[in-house]
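Here is the structure we will look at, set down as structure tokens.
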Amino acid sequence: MAGRACMNLVLILLLYGCQGNRSDTELSSELASDSQPALTAREKLGRFLFFDENLSVPPGQSCMACHGMGVGFTGPVSVTNAHTSVYEGALHGRFGNRKPPSAAYASFSPDFHYDKDEGEYVGGQFWDGRASDLSEQARGPLLNPLEQNNPDAKYLCEQVRDSKYADLFKEVYGRGSLDLSNEDEVERTYQLIAEAIAAYEASYEVNQFSSRYDFYLAGELDLTPLEALGLQLFEDEEKGNCAACHPSQPDEEGNPPLFTDFTYDNLGIPKNTENPFYSMSEEFNPDGTDWIDLGLGAIVGLESELGKMKVPTLRNVDKRPHSGFIKSFGHNGFFKSLKDITHFYNARDVEDWPPPEVPENINTDELGNLGLTADEEAAIVAFMKTLSDGYVPPE
């Protein structure tokens, strides 16, 4: 699968490899051209929905506003990432409470469940797993007053019914799919909207498997000595041990690695004091500056899960439109570089850091005192930089 994904879609790789500072709207327009690999009708519909700025109140915010194509479908604004890391919703002054997770490769996450054999929660969507699957996740932001702020499902469905892609919607789902004559019809259409968005998020356009590392796995290139050392440390159970949660090798069926096991961990990350959610009104944050993000524990209601967040994929972890673009890391964006968060993984328990936001259930078995040198940290960072989609091999 890795070789096929890398070799059969050269045109789209060329497109992504040369974008510079181009906007996601421009990228989307070019990706829709006849020269690019075709999306299915449902995936194409999902892309229209994903990029539609009319699906918010007031208009102006699409899914893309928090999940930019040019940065690996996560936060696309450098200055925001450099400070709050949390994005403003459609209504001025309203903010969520976490940095946007990547929408890329989210479609591979299993439905949320408890693994009795391993004794841990697995899968689902969002940082805390509150959505069981991708279509349930797609429903959330559309009606969330802190995000796209549509007043109800009927209003949202009416915008889709009146959109330029309404005929495509009916082509995909049938002539009566935009009939909104009663609550059941509205709910059906709302679910179909979510399923179309999920279909786009599961498409090759979002999940390319086209990084330098994929070419390496396919035998098409070698890693540099520094990158190769980074991979060795990444997988070494006595050193970096990163692969314990971010598997880096193809699975038993030969599918390329996803760089997440979809489990949950409390890494002991400190509060991001610039998080604007702390100053939100009592309507949305009754705890004010005392608010604590309890993660998975708040969803399942168990003290043993307090502070745990879903292990993110490392694919596209360093994808950015230019070298000066700032990305943030961790569920709250506390870290502003791969170097910083890698050092935290290595030395959390042996250096002075701000206190963890949630002191319970911190993973002390797989990180915190790894004993890596500065050069070894740099090697791991160099390896993670090979995971960005859109690599174009030399001719």
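Could you list, in sequence order, the residues of region 63-78 that are within 21 Å of S210 (Cβ to Cβ) and in contact with a strand residue (DSSP E or B) (Cβ under 9 Å, 6 or more places away or on another chain)?
Within region 63-78, H67, G68, T74, P76 meet the criteria.
Restricting to region 121-163, count the residues that are in contact (Cβ under 8 Å) with a residue 24 or more places away in the chain, part of a loop (DSSP other than H, G, I, E, B) and surrounded by fewer than 16 Cβ atoms within 10 Å (Cβ to Cβ).
Residues flagged as in contact (Cβ under 8 Å) with a residue 24 or more places away in the chain, part of a loop (DSSP other than H, G, I, E, B) and surrounded by fewer than 16 Cβ atoms within 10 Å (Cβ to Cβ) within region 121-163 amount to 3.
Taking region 307-329 on its own, how many of its residues are in a loop (DSSP other than H, G, I, E, B) and under 17 Å from G124 (Cβ atoms)? Outline the logic, then answer.
As a first pass, look at region 307-329 and keep what is in a loop (DSSP other than H, G, I, E, B): 307, 311-328.
Filter once more, so that each one left must be under 17 Å from G124 (Cβ atoms): 307, 311-313.
Qualifying residue count for the region: 4.
Test L192 against the stated conditions and say whether it is surrounded by fewer than 20 Cβ atoms within 10 Å (Cβ to Cβ), in a helix (DSSP H, G or I) and either at pLDDT 95 or above or at positive phi (or both). Lay out the reasoning, then the answer.
Working: surrounded by fewer than 20 Cβ atoms within 10 Å (Cβ to Cβ): no; in a helix (DSSP H, G or I): yes; either at pLDDT 95 or above or at positive phi (or both): yes.
No; evaluated as a whole, the condition is false for this residue.
Output the residues belonging to region 306-321 that are in contact with a strand residue (DSSP E or B) (Cβ under 6 Å, 6 or more places away or on another chain) and farther than 18 Å from A243 by Cβ.
G307, K308, M309 - these are the residues of region 306-321 that are in contact with a strand residue (DSSP E or B) (Cβ under 6 Å, 6 or more places away or on another chain) and farther than 18 Å from A243 by Cβ.
Could you list all residues from region 347-395 that are assigned to a helix (DSSP H, G or I) and touching a Leu at 6+ places or on another chain (Cβ under 7 Å)?
Taking region 347-395 first, the residues assigned to a helix (DSSP H, G or I) are 347, 374-387.
E376, A379, I380, V381, A382, F383, M384, T386, L387, listed by residue number.
Run Y278 past the list (1) surrounded by fewer than 21 Cβ atoms within 10 Å (Cβ to Cβ); (2) not in a helix (DSSP H, G or I); (3) not hydrophobic (A, V, I, L, M, F, W, C) and report the number of the one that doesn't hold.
The single condition Y278 does not satisfy is (2).
State yes or no: is E171 acidic (D, E) and over 16 Å from Y200 (Cβ atoms)? So that I can check it myself, show each step before the final result.
Details: acidic (D, E): yes; over 16 Å from Y200 (Cβ atoms): no.
So E171 does not fit the description; no.
So which residues in region 79-109 are closer than 22 Å to G123 by Cβ, touching a strand residue (DSSP E or B) at 6+ places or on another chain (Cβ under 7 Å) and not in a loop (DSSP other than H, G, I, E, B)?
If the condition is that a residue be closer than 22 Å to G123 by Cβ, touching a strand residue (DSSP E or B) at 6+ places or on another chain (Cβ under 7 Å) and not in a loop (DSSP other than H, G, I, E, B), then A106 is the only one that fits.
Are there any pairs, at least 6 apart or on different chains, whose C-beta atoms fall under 6 Å, with the first in region 245-268 and under 14 Å from L367 (Cβ atoms) and the second among the aromatic types (F, W, Y), and if so, which?
Pairs that qualify, where the first residue is under 14 Å from L367 (Cβ atoms) and the partner is among the aromatic types (F, W, Y), are H246/F259.
The values are calculated or read from the model by the stated rules, or taken from the named source; none is laboratory data. What you see is a predicted model; the values in this text were computed from it and never measured. So basically every Cβ, Gly included, is an ideal-geometry build from the backbone, and we count neighbours across all protein chains shown.
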